[in-house]
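Okay, structure first, notes after.
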Amino acid sequence: MARQINIGRGPGGAHNRFGAKMTKDSWKTVRRVFGYVVRHYKFSLLVVLACIVVTSVTTLTSTLFTRTLIDDYITPMVETGSTDYAPLAQALLKLGCILAVGIVCSYLNNRLMINVGQGTLLRLRKDLFAHMEQLPIKYFDQHAHGDIMSVYTNDVDTLRQMIGSSIPMVFSSLITITVTFASMVVLSVPLTLLVLVMTLVMVFVTRKLGERSALHFRSQQQNLGKINGYIEEMLTGQKVIKTFCHERATIKQFEELNEALRSSAYNANRVANVVMPINGNLSNLIYVLAAVLGGVIALHAGGNLISFESTLTVGTLVAFLTLIKNFTQPVSHVSQQINSVINALAGADRVFTLMDAEVEKDDEATVRLVDAEEGADGELHESDHRTGVWAWKVPESDGSFHLVRQRGEVDFSGVDFSYVAEKQVLFDIDLDTEAGQKVALVGGTGAGKTTITNLINRFYDIQGGTILYDHIDIRKIHREDLRRSLGMVLQETHLFTGTVMDNIRYGKLDATDEECIAAAKLVNAHNFILGLAQGYDTPLTADGGNLSQGERQLIAIARAAVGNPPALILDEATSSIDTRTEKMVQEGMDHIMNGRSTFVIAHRLSTVRNSHIIVVMDHGRIIEQGTHEELLALQGKYYELYNGHQIA
Amino acid sequence: MFKTLLRNVGDFKKSSILTPVFTSLEVLMSTFIPYVTSWIIDRGINAGDMGNVCLYGGVMLVLAFLSLWFGIQAGRNSAYASTGFAYNLRSAMYSHIQTFSFSNIDRFTTSGLITRMTTDVSNLQNSFQQILRASVRAPLTLIFSIFMCVFINWKMSLIFITAMVVLGLSLYLVISKTVKLFSQVFEKYDALNNSVQENVQAIRVVKAFVREDYENTKFRKAAESLYKLFVKTESLQAINHPMMNLVVYGCIIALSWFGAHYIVGGELTTGQLTSLFTYVMSILTSLMMLTMIFVSITMSAASGKRVVEVLDERADITSPADGGLKEVADGSVEFSDVSFSYRQGVSDEDGNITGSVTRPALQHITVKVESGETLGVIGGTGCGKSTFASMVSRLYDVHSGVVKVGGRDVRDYDVEVLRNEVSMILQNNILFSGTILENLRWGKPDATLEECRHACDLAQASEFIDQMPEGYETHIEQNGTNVSGGQRQRLCIARALLKKPKVLILDDSTSACDTSTEAKILDAFTHQVPDITKIIISQRIQSVQHADHIIVMDNGEINGFGTHDELLRSNPIYQDIYRLQIENGGDFDQKK
């Protein structure tokens, strides 16, 4: 019923319905999916199981009733000419009661399965998301965002279908098949054999067609992917197409892809569409064969051939014939459903792969960040409320702790790093900074500036050397505490759905409105925010698309400022924002850097010139290091860079 | 809406008509079958006549084979028709989009257009197939079955008709309610997926601020509210099945009771009773199917609407009816009192256009550039620089005033001729997947390697192309992600130069090149292609300072006009920009 409406709007998933194969791994996945479902719904599932059995039996009863009706009531009445309907009325009443039980069970079954299916999905989604949040940045580097998304949309969706409808359906079909088969055997063994053989033929044909259709479906998916890619690329460049009058050429290319898609889609659907009529009419064929064979047996009852079949009455035969549909229909359902179950398992596999991905490790960490207070003696003491002073709580070997004031002093010594093995990007980085200093990183694209900042907050772990933060090895500091102590403004600005205020508050969840506004004022964002339609309450749509690049950056700076972090990592924007907005952004950045230990990936002369330490990088190495004056005096790379950008 | 959609059935009309025909024949056959089975029972088995069993069995087999054949034909034709329908829709949309002007494109977002061409078309394909087959099958089964019932025994048919009305009404009630709930579910579902997407994209922000737990809580809340709505919707739906059972069982009991009376009374045979049992099932199942079609049409109506929106959009820039001028006399450009405002589509979250706003972009612009001169345009974001340039190659039409190229109104030219002579390099430098050479040849399809080299020399692109292992055969990834921003810009300039235009417009096209490269490019323009009129739009003083004339734009108006020196003396905005860029800062970026 409408429960099977496909919510996943992307291609793939439910389309490939036929001909998939079970492998050893799929059985593992089956067990895991079942484990997931069963763990929390043992009782519900038992009730569901009982309900399915009862429903199948009642359905069968209603079917078999035809025989009882004709043989036990109508025929005798016709023969005797009796008009006493009381026994029939009684039988019908009894039937009504049984059927009523069936209806109740059927509702109970459906209703409970909703809780089981949706509940499992809810748990699955929560687990999936919680796990994803724990994955290291590396994971997101290595996996296309679209692929991660499709786990949530397509794969979880196919699982929804499988748990919510395929599995219950296969289940109830299997029970119906078993019960019907048993009844058929009771009614007539030879007829049952005939039906069995023919049903096997039906299953075989369905599988064969399924395999053929699967081939076409795969090529349809490929062509669909190609044409989607083409549309995306061309429509993104639509304005270029217009300026180069390239319309006819692109239409021609599109038509080719479109035709390829049409022809594979046609083939896939053609084969798939044939399955239903073939199954339906094979079942008609079985009916006729059974009728003829049954007729022979019934009419020659007691004959020499099958003497034990003397009990096959006309009523029995009629009932048997009715049972045939009851038997073949679920068989054809199951053989079609099996394929969608197998395809759903492929989705389940991807879900579990994501859930099994290794999370960020924090094994060696022992140091915590705590609020601290300076006592009268000048010593630091741990405090239970926000004091604005933070300290590292470092454990001693004897189990006691000592506090180290958090100042934001970062030292690199001999640091080597590579994102992927065998491709080292940082070589032997040595860098000593003092608390409160501004450190500017300069150098070309790929020099390793961003990488250095990503190591400080442990987005990545280094392979060699050490990084000390306030003289503590950063691997000893709990990762979340380390990150909490560092404010960060990334080059690519990402904002979240919510109001401007919500986005600023992201930097400090318990910040009051006043604190957020103060932060905005500090970084020069206040005026433009007031100019927005609803001021601080202006809702931001997808990633702040309704703001300009510079405005989004200002909000991101305010977001970092509201937490008032003692140390900062900044990535200056290079994108072309106009000079006046850029000036505001620049001033915003200058304000927040003031008095804090700052690592800044600098693109502007003024930022660089005002830094305490300028680090010139090239191909993953520090080639020069010092103040503006010192480096100019060196007449090296920095000198070259600096003069190259003076206006001729 | 339906008219526009149906027009696109096109060549696949034959199949679209054959499908329902074959389907009805299939239904006809399969409806006769239970009737024949009753003959087998009555005239064959009950009468003890083996000959009749075989005879009617044979008839039934023939019917089954016919039904199979018709079924296969219907399946084949429906596949052909529906995939063809989708094919036509995609083609029609794509070619239609190609006629769109910039303002048409602005009305729909790019991502909106992509969804319309992919997901929405797939939805329509599925419903079209379903409608072709099921919408005929279900009502026909219904009608045939009722007819057969009436034929067998009209008095008993009253039972069906009552049952049908009861079931039909209640199904309608339940389903129309669930459809509404489902659309809410979809919204919540999209919102949930958006929040996942946001997290995947902004994972660095989440981690930098240690907001994993916060995001978890947010997600849990969203997931739980989706869960509640889903359970509510499905619970409502769960009534359907038991309700159907209730009606079916009611029918069976009623049929048994009255059937027994009629048989005893001699008005009905046992075989006919069995057939009636079969028909009651097919009547009620087809009712169920009808409601499903109803759901499917409701759900795809939204897709249909969005597709039609694209197809019905009228391109607002076209060549003059008589074909227009085929020749551009020279590269002179003249604006006289030109004003323009953008009409922007306002769309909701699904990309449906809900209204439009206008925002003035150019006001009373008058300026003249002689052929071969260089014009610089400078100003902040949103000041109207790009709009100004777009008017020259008629990417947008003026609202008042006249833009002339080569002494004639741009609206008098054949659009293609004009755009080939006025080559514009857009702000978003887009390359397409393919080799460098293929990309360059967008400018001139039959350009020789020599011509391409020459253009690349001018654009200062030869050096890095020659350093690439495969040179001009180097494959460019989609969006040109495997070359740097500066390289992309230089390739785009070379591509535009290959057109050998009379007017060349650079919209912020050297912003990612370092100063010395930019200077070389501008120098090559001045000395090697002196005949081309150059319009250079930039935010950087050094890009425009050597131009013959410079326009300072502010809020869609010309704030200053003159040479670098003149403006430096007299124009406050120009002075301000100069001070910020040259005295105070400058760009400390090594952009290679």
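The values are calculated or read from the model by the stated rules, or taken from the named source; none is laboratory data. Keep in mind it's a predicted model, so treat the numbers as computed, not measured. Don't worry about glycine lacking a Cβ; one is built from the backbone with ideal geometry, like all the others, and counts go over all protein chains shown.
Looking at region B:66-80, which of the residues that are among the hydrophobic types (A, V, I, L, M, F, W, C) and facing another protein chain (nearest Cβ under 7 Å) is surrounded by the fewest Cβ atoms within 10 Å (Cβ to Cβ)?
The selected residue is B:72.
So for region B:116-124 (the condition being over 30 Å from residue A:253 (Cβ atoms), surrounded by fewer than 24 Cβ atoms within 10 Å (Cβ to Cβ) and of a type in the set (Val, Ile, Thr)), does at least one residue qualify?
Taking every residue of region B:116-124 in turn, none turns out to be over 30 Å from residue A:253 (Cβ atoms), surrounded by fewer than 24 Cβ atoms within 10 Å (Cβ to Cβ) and of a type in the set (Val, Ile, Thr).
With A:370, A:410 as the choices, which residue is without any contact (Cβ under 8 Å) to a residue 60 or more places away in the chain and out of contact with any Gly (no Cβ under 6 Å at 6 or more places or on another chain)?
The unique qualifying residue is A:370.
Of all helices (runs of 4 or more DSSP H) completely enclosed by region B:414-463, which ones contain at least 3 residues that are of a type in the set (Asp, Glu)?
Passing ranges, in order: B:449-458.
What number of residues within region A:426-443 are surrounded by fewer than 18 Cβ atoms within 10 Å (Cβ to Cβ) and either of a type in the set (Val, Ile, Thr) or not in a strand (DSSP E or B) (or both)?
So the answer is 4.
Given (1) within 13 Å of chain A (Cβ to nearest Cβ); (2) touching a helix residue (DSSP H, G or I) at 6+ places or on another chain (Cβ under 6 Å); (3) farther than 26 Å from residue A:607 by Cα, where does residue B:513 come up short, assuming only one miss?
All conditions are met except number (3).
Given the conditions (1) touching a His at 6+ places or on another chain (Cβ under 9 Å); (2) at pLDDT 80 or above, report the number of the one that residue A:617 does not fulfil.
Looking at each condition in turn, residue A:617 falls short on (1).
Are any residues in region A:208-239 within 10 Å of another protein chain (Cβ to nearest Cβ) and in contact (Cβ under 8 Å) with a residue 60 or more places away in the chain, and if so, which ones?
Hits for region A:208-239 are A:220, A:224, A:228.
If I filter region A:412-423 for residues that are outside the structural domain of residue A:510 (by TED's automatic domain parsing) and modelled with pLDDT under 85, do I get at least one hit?
Looking through region A:412-423, none of the residues is outside the structural domain of residue A:510 (by TED's automatic domain parsing) and modelled with pLDDT under 85.
Just to verify a result, which residue in region A:468-484, among those that are more than 31 Å from the chain's Cα centre (by Cα) and surrounded by fewer than 23 Cβ atoms within 10 Å (Cβ to Cβ), is farthest from residue A:394 (Cα to Cα)?
A:468
Hey, any hits in region A:514-537 for a residue that's surrounded by fewer than 21 Cβ atoms within 10 Å (Cβ to Cβ), assigned to a loop (DSSP other than H, G, I, E, B), at pLDDT below 90 and among the hydrophobic types (A, V, I, L, M, F, W, C)?
yes
Of the conditions (1) under 23 Å from residue A:221 (Cβ atoms); (2) of a type in the set (Gly, Ala, Ser); (3) surrounded by fewer than 20 Cβ atoms within 10 Å (Cβ to Cβ), residue B:92 satisfies every one except a single condition; which number is it?
With (1) under 23 Å from residue A:221 (Cβ atoms); (2) of a type in the set (Gly, Ala, Ser); (3) surrounded by fewer than 20 Cβ atoms within 10 Å (Cβ to Cβ) applied to residue B:92, the lone miss is (1).
Given the options A:200, A:191, A:187, A:121, name the one that is of a type in the set (A, V, I, L, M), in contact (Cβ under 8 Å) with a residue 40 or more places away in the chain and either under 29 Å from residue A:34 (Cα atoms) or within 12 Å of another protein chain (Cβ to nearest Cβ) (or both).
A:121
Please name all residue pairs, on different chains or six or more residues apart, with Cβ atoms under 6 Å, provided the first residue is in region B:85-109 and is within 10 Å of chain A (Cβ to nearest Cβ) and the second residue is of a type in the set (Gly, Ala, Ser) and assigned to a helix (DSSP H, G or I).
Matching pairs, first to second residue: B:88/B:10.
In region A:204-241, how many are β-branched (Val, Ile, Thr) and surrounded by fewer than 18 Cβ atoms within 10 Å (Cβ to Cβ)?
Total satisfying the criteria: 1.
Could you please give the count of residues in region B:530-581 that are under 19 Å from residue B:333 (Cα atoms), surrounded by fewer than 20 Cβ atoms within 10 Å (Cβ to Cβ) and either among the hydroxyl-bearing types (Ser, Thr, Tyr) or not assigned by TED's automatic domain parsing to the domain that holds residue B:407 (or both)?
1
Yes/no matrix, rows are residues, columns are (1) of a type in the set (A, V, I, L, M, F, W, C); (2) in contact with a Cys (Cβ under 9 Å, 6 or more places away or on another chain):
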site	(1), (2)
B:267	no, no
B:283	yes, yes
B:306	no, no
B:325	yes, no
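Name the single residue, out of those in region A:242-267 being within 8 Å of chain B (Cβ to nearest Cβ) and among the aliphatic types (A, V, I, L, M), that is surrounded by the fewest Cβ atoms within 10 Å (Cβ to Cβ).
A:249
In this structure, does residue A:39 turn out to be buried (at least 16 other Cβ atoms within 10 Å of the Cβ) and either touching a Pro at 6+ places or on another chain (Cβ under 8 Å) or over 30 Å from residue B:277 (Cα atoms) (or both)?
Taking the combined requirement at face value, the residue does not satisfy it.
Between A:81, A:102, which is touching a helix residue (DSSP H, G or I) at 6+ places or on another chain (Cβ under 9 Å), exposed (fewer than 14 other Cβ atoms within 10 Å of the Cβ) and farther than 21 Å from residue A:316 by Cβ?
A:81
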